[in-house]
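Reviewing the structure listed below.
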Amino acid sequence: MSGDRTVLDVTGLSVGTRHTPLLHDVTFSIERGERVGLIGESGSGKSLTALAVMGLLSEGLTATGDVRLSARTPATRNLLEVGEREMARLRGDGMSMVFQEPMTALNPTMKVGDQVAEVMLLHRTQPSRAAARRRVVELLERVDLPDAEHLARSYPHELSGGQRQRVVLAIALANDPALLICDEPTTALDVTVQATVLDLVVRGVEARDAAMLFITHDLGVVATVCERVLVMYGGRIVEAGPVAEVFSDPRHRYTQGLIGASDLVGAEGRRGRAALPTIPGSVPPAGRFPDGCVFRTRCAHATARCETPPPWFPRGDHPAGETAYGHACVHPAGEGQRG
């Protein structure tokens, strides 16, 4: 592991089918208590990265590289080489995941209290069913669900979308995991409920000093929730660093495009431009990204240099391997070539 506080250490992670590469040499780490955002358009590889870490890749996909979780497993073990039985023990215990749509994560035929209790009984973090039931009420109260004892006896369809997502969060945090992965957990919620759920997520990981990987397409959410950000495109991390630094001074043209198309740019920043700028073109199908800079076919500033693999440039004081990617990008202010 790269440090005593490192919870997740991913090095050279690549995923693909027999003929089609999907993720390429993904490298990053997350420390205890740290909240890291993973952003990019749909099809960039964000969810695939999370599924590879969790050992939940679909049949036909293979992963290579090195993924290590410091919590509740020897640091010498590469999770990509661990059997399913041990991975099943780690999921929900050492690490857990909150998905975008809670109805796909909850069993519609089980009462929600039984589902929260099940994860604790399965991992033996509570000594008995009675103790688990008492803990269920505590957990539901901690995610701000009213009348927790009554709600625990309800079925998922009897709850609102925001309530269901809070139940999923309670399940994810039930065993105090060292790593929490959130994959677009508030996309299906309205703005008011979204803010409440985000606050609960942050409070949950802070109370446990847990590491968090937060996947989203909403840069505003990352700016609110996270301390560092990884920008992904074409199955690669093209830029990484502190949120404030990356969002105020993006180096890669793709990052610049994402920020320009987001609501992070206010009316003053849009003056003289179209009200809603977009990134030209669309994300290519899997395996169809170009060599060299993966963004060059959509970049108005691409040159012949972009056709060759660029070097990696360090950005600020952050863990080894987290860098800006590219060698032909020019800063908007004309400060010369920037990675």
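Bear in mind that the values in this text are calculations on the coordinates, not laboratory data. Note that the structure is a prediction, hence the values are computed from the model and not measured. When we count neighbours, we look across all protein chains shown, and the Cβ atoms used for this are built from the backbone with ideal geometry, even at glycine.
Here are a few things to note about the model shown:
- Longest to shortest principal axis, alpha-carbon extents of segment 105-174, angstrom: 31, 22, 18
- Per-residue HN-Hα couplings for segment 122-128 [Karplus 6.51, -1.76, 1.60; θ = phi - 60°; Hz; x = Gly/Pro]: 4, 9, 6, 8, 10, x, 7
- Per-peptide average of other Cβ atoms within 10 Å, ordering 196-202, 239-245 highest first: 239-245, 196-202
- Proximal charge balance of Glu84 [Cβ under 15 Å; K/R count +1, D/E count -1]: 0
- Computed from phi, the 3J(HN,Hα) profile of segment 44-61 under the Karplus parametrisation 6.51, -1.76, 1.60 (θ = phi - 60°) reads 7, x, 5, 5, 5, 4, 5, 5, 5, 4, 7, x, 10, 5, 5, 4, x, 9 Hz, with x in place of Gly and Pro.
- Peptides 282-288, 142-148, 165-171 ranked from most to least packed by the mean count of surrounding Cβ atoms within 10 Å: 165-171, 142-148, 282-288.
- Summing Cβ point charges (Lys, Arg +1; Asp, Glu -1) relative to the Cα centre of segment 105-174 gives a dipole of roughly 220 debye.
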